[in-house]
Amino acid sequence: GHVPVGVVMLLAFIAGIGYPALTGAWTAQLPSLVAADRLPRAYSADAATYSVAAVVAPPVATALIVVSTTAPLWVPVALLLLCIPLLRVVPLPHRPPDHRRTRLWHDLQAGLGTLVGRPALRRTMLITTIGFAGTAALFVAAPVIAQKDTGSLGFTGVILGVFSVGGLASAVWF
């Protein structure tokens, strides 16, 4: 069926809140997991996993639509449930609990102050935000373009796959 655009936007917003935890939060753990001399290579491997996933995921999601129209929604959930027990084997160092409790508002203010107060970080945040907004527009537009031009959603994976290959190629080139 159809849902009002406001509901879709709310669901996209809620899903987007978790995105930083899936990207930067794990990347930030690399210094705890890898020796300092191997850290540049670890960061490269970490970035490559995102690039490879971006290339592979759209065609796989499109193929899953052939199996079931809801498969692209449930396969990631199944993979997440499969991976949750694996988190117990990630060798994060034990840190004693910090007894200084801070309020969420103070943490947000401190984080925003850091983002705004450091020019390089501010520039990176701005570029990333604009880039992700463009990427989000692509993900919204690709199915519409595929349906309009081919009469099927099947071409969506090709559009997104080509976009991802271009991103991977530019990352390797630069």
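The values are calculated or read from the model by the stated rules, or taken from the named source; none is laboratory data. Just so it is clear, the structure is predicted and the values come from calculations on it, not from any experiment. We work out accessible area using only protein heavy atoms, side chains counted, and drop any ligands, DNA or RNA first. Shrake-Rupley method; radii C 1.70, N 1.55, O 1.52, S 1.80 Å.
Values for this structure:
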item: Gyration tensor verdict on the stretch 27-80 (Cα atoms; rounded if a/c is under 1.5, prolate if a/b is larger than b/c, oblate otherwise); result: prolate
item: Accessible area of the stretch 116-157 divided out per residue, in Å², using a probe of 1.4 angstrom; result: 71 Å²
